[in-house]
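Since the structure comes first, as C-alpha cells, the remarks are kept for the end.
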Amino acid sequence: MIHSRSKTIINQTQSLFYQCINYIQFQHKHTFSPNKNRPKTRTTKPRRNQQPPHRAAAISKPRKDPIPFVTNLKEIRDPDDALTLFHEYHQMGSKHDYPSYASLIYKLARARDFDAVETVLGYILDYNIRCKEIIFMALMQHYGKAGLVDKAVEVFHRMTSFDCVRTLQSLNTLLNVLVENDRLDEAKKMFDGSNKMGFRLNSVTFNILIKGWLERREWDQACRLFDEMLDRRVQPSVVTYNSLIGFLCRNGDVEKAKGLLEDMIRKGKYPNAVTYALLMEGLCLQGEYDEAKKMMFDMAYRGCKPKLVNFGVLMSDLGKRGKIEEAKSILSEMRKRRYKPDVVTYNIFINYLCKEGRVAEAYKVFIEMQVGGCEANAATYRMMVDGFCRVEDFEGGLKVLSAMLTSQHCPRLETFCCLISGLLKRGKIDEACFVLEEMEKRKMRFDLKAWEALISDTCVEDDERAYGLVDELICAL
C-alpha cells in the first residue's frame, strides 16, 4: 500500500496538535496585559520636521493578527483535510469570517473539488457572510479552466443572492471564460444584453470579444467590433491594437500591421514593448531576422525601451533555426546592457538546448539561473525532466523531478509515464515506485491508454525480464 493507515493517523495528530498550539498562542496574545513590564520612556519634544507620536499613530494602520485557521490551511494539500480542518475549528468555538471562507474556497477551487466549493457556498448563505466580488470572479475563472462553463455562468447570476454587487469586472471575467472555452456566440449575447444589466462597457470588454473573433480567424468581425468601439466613444487601448497587429503578423501581413502601428501613434496611443515584439515576430516568420533585430534597436529612438520580451523573440527565432551559439550571444548581450534575464528568457534557451540534445548544457544553465537569483518555474522543470528522458538519462530526470516536487511543482502525466518507463528499462524498480507514489499523492493515475503505452515501451521482443519488472512494479503497489 502506498499510504499506510499509521501515516494518516500521524498526519491527523500533527494537524490537531498545531491547531491547539495556534489556538493557545492566539488566546495568550489577547489576554496579555499591554502595560505589564513596559519599559519607561523619556518624554522628549519632537525635533523639527518630525511628526508627533500621536499623529504618527493615527496614520499608521494597526497590524492585523494572523488568523489561526488560515495559517494552518496553507500547510494542507488534500482538499478533504482542508474541509475537515474547517469543521474542527468550528467545533473548537472559532467563528469563521469572510477571510476564512475565502481562503477555503480558493484552496478547494484550485484542487477542483467543486462539490466541496458548493458546500462552502451553502455555509456562506446560511451564516449570511458578506462576500467580496473578487471571490466570485476567481470561482468563474476556476470553473472555466476546468471546462465547467455553465457553472461559471451560474456563479455570475447567483452573485446577487450573496448580497454582492456585480460590476463590469465580473461581466468581463465571465466573457473571458466564455471566449476561452470557444463559446463566443454566448459571449456576444451577454455583450449585447449588457446595457439591460446596467453595465457601461469599457475597452477591456471590447478587447475580449475582439480576441475571440481573431481566434476564429474572423478578421472582418473583429474590425466591425473595433468600429463599434469608436462609435460608442470607447477609446481603443494599446491591448486592442496589439491584438489586431498580432493577428496580422501571425498571418504574414506585416506591412498592414506596420500601418496599424502608425495609425495608433497618430491617434496618441503609444506602442509598448509587446507591440514591437509582435512586429519583430512577424518579421522573423518571414525570414527577416536582421530587420527584426534592427527594429528592436530602433524602437528606443521612438520612445520605447526594449524589454526582455523583445530579446526573447530574437532568441526564439535563432533557437528554431538551431543557431544555439547565436542565441547564447543574445543572452550575453542582455547582460552587457544590464538586463537581468527572467525565467521566461531562460526557459527559451533551455528549451532549445534540450531539443538539440544538449541536456548537460541545459542543466548547467538551469543551475546558473537559480544561483543568480532567478527561480525556476513549473515549465523549466518540465523541460529539464523531458530533456533528460529524451536522451535516456532517466536518473538525471529523476534528480530534477525530486527537486521539482520539493518546489511544489507538478509534472505532466506524459512526463511521469516516460520516466517510469525509462526507469523500468534500467531495472530501477524502487525509483519507479517512488515516481508512482508521488503520482498517487497528487491523485494522478494512469488510464488504460497510459498503461498500454508503458507496457509496450517496456516489454519489447518478448523479453521475460521486462515482463517480470512490470509484474514486480504492480506487486510493489
Q: Could you check, for region 364-372, whether at least one of its residues is within 20 Å of Lys441 (Cβ to Cβ) and without any contact (Cβ under 8 Å) to a residue 40 or more places away in the chain?
A: no
(Q) The conditions are (1) in a loop (DSSP other than H, G, I, E, B); (2) within 16 Å of Val70 (Cβ to Cβ); (3) touching a helix residue (DSSP H, G or I) at 6+ places or on another chain (Cβ under 7 Å), and Lys95 fails exactly one of them. Which is it? (A) (3)
**Q.** Residue under evaluation Asn351, criteria (1) outside the structural domain of Gly373 (by TED's automatic domain parsing); (2) modelled with pLDDT of 95 or more, criterion not met
**A.** (1)
Q. Quick check, is Glu392 more than 17 Å from the chain's Cα centre (by Cα) and under 19 Å from Gly422 (Cα atoms)?
A. yes
Q: Read through the list (1) outside any loop (DSSP other than H, G, I, E, B); (2) among the aliphatic types (A, V, I, L, M); (3) at pLDDT below 95, then give the number of the only condition that Met197 fails.
A: (1)
(Q) Taking the criterion of being of a type in the set (Gly, Ala, Ser) and at pLDDT below 95, would at least one residue in region 129-138 satisfy it? (A) no
(Q) Contact list please: Cβ distance under 8 Å, first residue in region 226-247 and under 16 Å from Asp192 (Cα atoms), second residue of a type in the set (A, V, I, L, M, F, W, C), pairs at least six apart or on different chains. (A) Phe226/Phe206; Phe226/Ile210; Phe226/Leu244; Glu228/Phe206; Met229/Phe206; Arg232/Leu201; Val234/Leu201; Val234/Phe206
Q) Of the conditions (1) surrounded by fewer than 18 Cβ atoms within 10 Å (Cβ to Cβ); (2) more than 30 Å from Glu262 (Cα to Cα), Gln235 fails just one. Which one is it? A) (2)
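The values are calculated or read from the model by the stated rules, or taken from the named source; none is laboratory data. Quantities reported herein were computed from a predicted structural model and do not represent experimental measurements. Cβ coordinates were reconstructed from backbone atoms using ideal geometry, including for glycine residues, and neighbour counts include every protein chain displayed.
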